[in-house]
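The values are calculated or read from the model by the stated rules, or taken from the named source; none is laboratory data. Small disclaimer: the values here were computed from a predicted structure and weren't measured. With ideal geometry, Cβ positions are generated from the backbone for all residues, glycine too; neighbour counts draw on all protein chains shown. Heavy atoms of the whole protein, side chains included, go into the accessibility calculation; ligands, DNA and RNA do not. Shrake-Rupley method; radii C 1.70, N 1.55, O 1.52, S 1.80 Å.
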Amino acid sequence: MIYPVISTKTPIFLTNPKTPRIHESCTKLRSISRSSQHQKPIENDIEPKTQFINPVLMTNTKSHYGFQAMLSLCGLGYWVQGFRCFPWLALNFHMAHNLNFNPSTLQLVQNSANFPMVAKPLYGILSDAFYIAGPHRIPYICIGVLLQILSWGQLALIPVTGQTLPSLMACVLLSNFGASIEEVSKDALVTEHGQKHRIKGLQSYSFMALAVGGILGNFLGGYFSHKLQPRTMFLIFSALLSFQLAISSSECLGLSHRETPTGKSITDNIRKHLSGLMIAISKHTISKPLTWILTSIAMVPILSGSTFCYQIQCLNLDLSMIGMSKVIGQLMLLSLTLIYDNHWKQIPMRKLVGGIQFVYAFSLLLDLILVRQINAGIHISNEVFTLCFSGLAETLAQFKILPFMVLLATLCPQGCEGSFTSFVASTVCLSSLVGGFWGVGLAALLGIKDGDYTSLPVGLLIQFVAALLPLGWIHQLPMSCPAEKEMKKCIDETQGFERVVGSVRI
């Protein structure tokens with residue numbers, strides 16, 4: 001906004017154009033745009049309060065209200081997104097115990113369910129180019145939530161749906177399809193409001209809401225896993241999604257309706273945003289850090305399914321204990337996000353990410369300690385070790401993405417928030433899928449199967465080595481963000497000056 005530049009108490013223009021205050025006010029406007037040096041003198045009959053001050057106040061009030069509504073809506077959405085671990089914990093237990101899936105099949109289902117996330121750029125471009133009934137992003141949030149309700153509702157109310165693999169996969173794919181549409185819209189809202197209000201790092205608050213939802217979801221999921229049937233847990237989550245849908249729908253109905261922007265056809269708008277996306281990702285300031293984070297994720301084979309089955313079948317760990325370990329992990333994620341938001345933003349990105357990747361690689365060896373029962377040799381029980389250290393590697397893998405999301409959101413071109421953020425999210429998801437299927441192949445190659453986990457330590461060592469390799473090209477990451485300053489300068493010279501000049505009759 002322009003409050004730091006212009007006083008709202010005393011008019012900045014006098015009736016006499018020759019007074020020194022004209023030069024003083026032009027000097028202030030010059031900080032917004034150099035073109036203000038050439039503006040014509042203001043005529044004597046112009047009233048400064050009605051011509052300049054009042055429109056700014058009205059715009060600021062509406063903008064402030066919209067920003068608060070966005071924070072509430074997206075905050076709830078991210079919290080529910082983090083709470084998705086609640087039904088997923090029940091689903092994993094159902095597949096491992098009730099359906100007797102082997103570790104490879106379990107992990108295959110977990111990774112295949114993320115295929116709808118890969119198509120996020122399509123949803124992002126569509127949300128950028130086509131307004132549904134005017135409110136733009138919010139109707140897409142409602143559609144995504146509705147699809148999730150249909151998916152988890154079927155698993156809860158139709159027993160036969162969760163008893164066969166094809167019907168189970170269909171419901172899971174539908175759920176993640178709706179979740180991907182919702183996530184694209186939320187990410188785009190956060191990015192465009194962060195740029196509009198010049199607030200850096202709103203993604204940190206998204207991570208905080210995710211972590212809080214994950215803490216509660218894992219805690220309740222672990223506690224109710226042996227007290228409630230999986231179908232009951234699916235029904236509880238469906239009810240929570242229905243509440244989110246009601247809130248989002250009421251917010252959508254309260255907004256004014258608008259037409260699709262620029263008066264062009266949907267095809268022209270899609271072509272325009274697709275072209276802008278291709279230009280954006282071709283820049284070295286974006287492509288290099290994006291390439292590094294994608295390769296660092298895809299290179300590490302994910303053995304989560306094998307580790308999960310080993311914990312409950314060989315170590316006889318209670319599911320509530322595994323759920324509590326994930327609660328500890330989400331608490332660590334929340335703490336790391338708070339520390340990053342208050343202190344670590346000032347650390348050079350290359351140094352920060354390099355340190356996180358190094359610690360992440362060594363955290364993968366914690367599962368090796370559990371498998372080799374080294375913890376028992378130092379008188380630490382399996383339950384205590386799992387509770388304290390089992391979720392550390394997963395927490396660091398999630399937290400590693402945050403600095404990249406902040407950087408790329410800062411460099412996001414205006415008007416392409418949906419397509420750009422969805423492209424980044426889908427490529428991250430695709431790299432996770434590659435890591436997941438790489439883990440499935442590695443488990444099959446090493447002979448890790450139900451009841452035979454003798455080769456699991458070898459797989460964990462391969463994980464450790466693969467996680468260290470990306471440090472070899474850490475130089476691809478920037479030490480600082482010079483492009484961010486240029487973007488802020490551009491925003492100041494365009495949006496800021498347009499707001500001021502558009503409010504003054506010259």
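I'm checking my understanding of the structure. Among residues of region 307-322 that are within 23 Å of V458 (Cα to Cα) and of a type in the set (S, T, Y), which one is surrounded by the fewest Cβ atoms within 10 Å (Cβ to Cβ)? Checked region 307-322; the qualifying residue surrounded by the fewest Cβ atoms within 10 Å (Cβ to Cβ) is Y310. In this entry, I149 is excluded by the filter for residues that are open to solvent by 10 Å² or more (accessible area, probe 1.4 Å), in a helix (DSSP H, G or I), β-branched (V, I, T) and modelled with pLDDT under 80. Does R258 count as under 26 Å from L408 (Cα atoms), over 18 Å from the mean Cα position of the chain (by Cα), among the charged types (D, E, K, R) and at pLDDT below 80? No; evaluated as a whole, the condition is false for this residue. Only one of the numbered conditions (1) open to solvent by 10 Å² or more (accessible area, probe 1.4 Å); (2) touching a Leu at 6+ places or on another chain (Cβ under 7 Å) is violated by W79, and that is (2).
If you check L155 against the conditions, is it part of a helix (DSSP H, G or I) and surrounded by fewer than 22 Cβ atoms within 10 Å (Cβ to Cβ)? It is false that L155 is part of a helix (DSSP H, G or I) and surrounded by fewer than 22 Cβ atoms within 10 Å (Cβ to Cβ).
Taking region 158-200 as the range and being among the charged types (D, E, K, R), part of a helix (DSSP H, G or I) and open to solvent by 50 Å² or more (accessible area, probe 1.4 Å) as the test, only K196 passes.
When region 373-401 is filtered for residues that are at pLDDT 90 or above and touching a Phe, Trp or Tyr at 6+ places or on another chain (Cβ under 7 Å), the ones remaining, listed by number, are A393, L396, A397, K400. Within region 457-481, residues that are free of Cβ contacts under 8 Å to residues at least 24 places away in the same chain reach partners that are assigned to a helix (DSSP H, G or I) with beta carbons closer than 6 Å, at six or more positions or on different chains, in the pairs V458/L446. Scanning region 309-324 for residues that are outside any helix (DSSP H, G or I) and not acidic (D, E) turns up C314, L315, N316, L317. The listed residues are L228, L210, and the only one of them that is open to solvent by 30 Å² or more (accessible area, probe 1.4 Å) and in a helix (DSSP H, G or I) turns out to be L210.
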